[in-house]
Each structure stands twice: as structure tokens, then as C-alpha cells.
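> Input: one structure, supplied below.
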Amino acid sequence: MKRVIVGLSGGVDSSVAAYLLKEQGYEVIGLFMKNWHDDSVTISDECPWLDDSNDALLVAEKLGIPFQTVDLSEQYKERIVDYMFNEYEKGRTPNPDVLCNREIKFDVFLKIALSLGADYVATGHYCRKETIIEDGKEIHRLLAGKDQNKDQSYFLCQLSQEQLAKTLFPVGELLKPEVREIAAKQNLVTADKKDSQGLCFIGKVRLPEFLQQKLQPKEGDIIEIPSSEEMYLREIPNFSSKQEELEFLSTKYKYAVEYGKVVGKHQGAHYYTKGQRKGLAVGGTPEPLFVIETDVETNTIYTGQGKHHPGLYRKALFITNEELHWVRDDLKIEIDEELEVMARIRYRQPLEKAKLYQIDSGIYVVFENDQSAITEGQFVAWYQDDELIGSGVIS
């Protein structure tokens, strides 16, 4: 019997994952990760860790599997929270869920599991793993979950072959309603529990309050840029090289206060992100305002009216080599090579046709269609059919 340690989060997906593994004949142990102590910034009735750990314990008792809690809050603070503050300070928008998977669940947690004699760890993620043999070597493919509506492969876009080798995704072949049905049939306490939102394993966090612990509020101007601004009408020049064209397509617009008018005040540019609509508290415009750029140096937010404002759109983005990651090393491209892929720049975004171009300092991702709110610090992930093969941080 192979031993599997399941990250029991107190939700329905990981509960059913544990049940399925037990049914398949594995020796299953449940482990709950406590990642957070500060209740002052969590919306406590939304998803307190205490309720979650109690639910995880009840599930383990019902399934008759051993259960324990591990406190990873120190590592979580170091690797996730401090990183987030650092990124926000630089005016980038990090994705804590992708990081939590790479740094906590499939690193710190995985190492604890292996030290407890586990052969694998398992989670309740909606994705699938398939292992193939090429040239006598095992290659682990990370595939989208069968439930298109719940597919979570994007959140695992930074995993390595070593991590995938030790991982199982028992609910990846199921649809969400089937998972709930199994939980109800087994009388698991989590059967009807609603899905948790918010930072990985923290619960719902009030982001401004959370950031204010570290980043002090500072009043600045909200500037509205008209969609008729001249820079949006720029002509596409003749390029002397492919790289020059790629640079042009991926360069963002440079804004200055004099291009628009002051329409309001904000409490800190680092609290806002591109594409954001809520929280601006500026009324009286025919169409709602969207953030099109933030400048943390001058503490200015630039906005535009309506979701079709040209300032929101761009065709290409760049990833530096340091922040580039291939899940499938054997598929990575060399300098001057290109690759047709399907890609997304955020979770739940439908996949879009794109092309990768590798240069000496990094990789360009050029989309067939203009993309809204390409945001620095977020992850872009690319696929071939339903296999996620690589990702990177948008620079």
C-alpha cells in the first residue's frame, strides 16, 4: 500500500480526494495546513481557519484516517506575504495562489509529507496528471481538469517535474456536481460547504487593510485619460527586425498628468491594479472608470472610461528568463525559435491563440487578439491542447 498525504483544507474537494484515494487502496493520512494567525485582516465569518480545521478533522474521523495539523505560518509569511508586500510596493500585482502552490503546498508541505514516509501528496485541485515515457524517461503532463468550469491547472503553472512526480489529483476527472454528490453519499460534513474565496488558505482578506499593515496610505490623484488621446492613434512603424516589432507591441503606454484631468483622490497607488473598476469612488462619468495604469513612483492612478478604453489593451507581453518556467523542459524553445500555443493571463480567462518568441533575455508572448489589462506581476500560462506546458511572470 502506497502512502498518500492529503492536504485536507476543510473544503469538499480535498475531502472527496481523500475518500477516493482510500477507495483506491492507498494508505491515506490527512494533514491540515495552518498558514495564518492574524485574524484582524480576515473577514472572520467568511472562512475562519478554525472552522476549516474542524471540518477537516470531522472528515478524517468519518473516513477513518489519521489526521494532524501542521503550522506553516512562518514559511507562509516569509515566502508569500512578504513577497506580496514587496511586489505591491513595486507597483506589480502578485498572484498569491500560484505562489502558494509552488512554495507551500508543493514544496514545504511536500517535504513534510515525504519526511512522514509518504509516496505522494494529493490535493483537491481540478486538474489531471498523465505520465508518459519518452526516451526511457518519465515525463509528467499537467492537464486541464475535466470540469472546464472549474479547471485549476492555471494555479499549478509553476510546478516542476520533480513536484508533479510526487503528486496526485484525484478529483481531476470529475465534475464539481459529481464531487458534491460523492460527499453527500458519504455523509461528509463538507458536502454543501460553499467554495472558499480569497488568499490560499487564509480565507477572505480585506486587501487594502491587509496591505496597510505594511504599506502606508498616501493620498494621490486619480487622472482620467480620454480615449481620444493622441498616443492611442499612433501609426505602426516599419520595423527593421522581428525583435523591434516585438518590443513595440509589448511596450506599455507612458502616461503623464497633463494628458488628462484630475477626477478624484485615492489613498495609495499600490492598492490598485490594472483593469480594476471597484473602489475608485469617482462618479458622474457616462461610463464607469477603469484603472489603466498605476504609477507608484508619483503615486498616481490613470483611468479611462468604459471597458473598451484603448489604454486597457495590448497585444504582447514579455517575460525575463529569470521568471520563465517550463513545466515540460523537453518542449522549451531555444533563442530565435517560436511556438504556437494557447495562453491565458488570468484564471478563468478563456484560452487565446498566441505565439511565443524566445530571445536571449527572455520570451515574448504575442496574442492574436489584443488582451485587456495585461498586469505586471501576474502569471501567463501557455498550453498545447489541454496540457499546460509553461508559464512566466509578466514583466
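> Residues of the stretch 186-219 being within 30 Å of TYR272 (Cβ to Cβ), modelled with pLDDT of 90 or more and buried (at least 18 other Cβ atoms within 10 Å of the Cβ), which ones?
If the condition is that a residue be within 30 Å of TYR272 (Cβ to Cβ), modelled with pLDDT of 90 or more and buried (at least 18 other Cβ atoms within 10 Å of the Cβ), then no residue fits.
> Do we find that LEU211 is of a type in the set (A, V, I, L, M) and farther than 30 Å from VAL16 by Cβ in this structure?
When the stated conditions are applied, LEU211 passes them.
> Let me ask something else about it. Would you be able to say whether some residue in the stretch 128-137 is buried (at least 19 other Cβ atoms within 10 Å of the Cβ), farther than 16 Å from GLY11 by Cα and not assigned by TED's automatic domain parsing to the domain that holds GLN384?
Yes, because at least one residue in the stretch 128-137 is buried (at least 19 other Cβ atoms within 10 Å of the Cβ), farther than 16 Å from GLY11 by Cα and not assigned by TED's automatic domain parsing to the domain that holds GLN384.
> Here are the criteria: (1) surrounded by fewer than 20 Cβ atoms within 10 Å (Cβ to Cβ); (2) over 20 Å from PHE248 (Cβ atoms). Tell me which single one GLU368 does not satisfy.
(2)
> Further, regarding this structure: Of all strands (runs of 3 or more DSSP E) completely enclosed by the stretch 237-353, which ones contain at least 3 residues that are in contact with a helix residue (DSSP H, G or I) (Cβ under 7 Å, 6 or more places away or on another chain)?
The strands (runs of 3 or more DSSP E) meeting that bar are 289-295, 300-305, 313-320.
> Suppose the filter is modelled with pLDDT of 95 or more, more than 29 Å from the chain's Cα centre (by Cα) and of a type in the set (A, V, I, L, M, F, W, C); does VAL291 pass it?
Spelling it out, it is not the case that VAL291 is modelled with pLDDT of 95 or more, more than 29 Å from the chain's Cα centre (by Cα) and of a type in the set (A, V, I, L, M, F, W, C).
> Something else now. For GLN305, state whether it is of a type in the set (S, T, N, Q) and closer than 22 Å to TYR88 by Cα.
It is false that GLN305 is of a type in the set (S, T, N, Q) and closer than 22 Å to TYR88 by Cα.
> Let me ask something additional. I need a count of the residues in the stretch 110-123 that are of a type outside the set (A, V, I, L, M, F, W, C), surrounded by fewer than 23 Cβ atoms within 10 Å (Cβ to Cβ) and either touching a residue at least 12 places away in the same chain (Cβ under 8 Å) or not in a helix (DSSP H, G or I) (or both).
Qualifying residue count, the stretch 110-123: 3.
> Kindly evaluate LEU168 against the criterion of being more than 19 Å from GLN384 (Cβ to Cβ), in contact with a Phe, Trp or Tyr (Cβ under 8 Å, 6 or more places away or on another chain) and not hydroxyl-bearing (Ser, Thr, Tyr).
In short, yes.
> Do you know which residues across the stretch 50-109 are over 20 Å from HIS125 (Cα atoms), part of a helix (DSSP H, G or I), among the basic types (Lys, Arg) and at pLDDT 90 or above?
Residues satisfying the conditions are LYS62, ARG79.
The values are calculated or read from the model by the stated rules, or taken from the named source; none is laboratory data. Computed from a predicted structure; not experimentally measured. Reconstructed Cβ throughout: ideal geometry from the backbone, glycine too, with neighbour counts over all protein chains shown.
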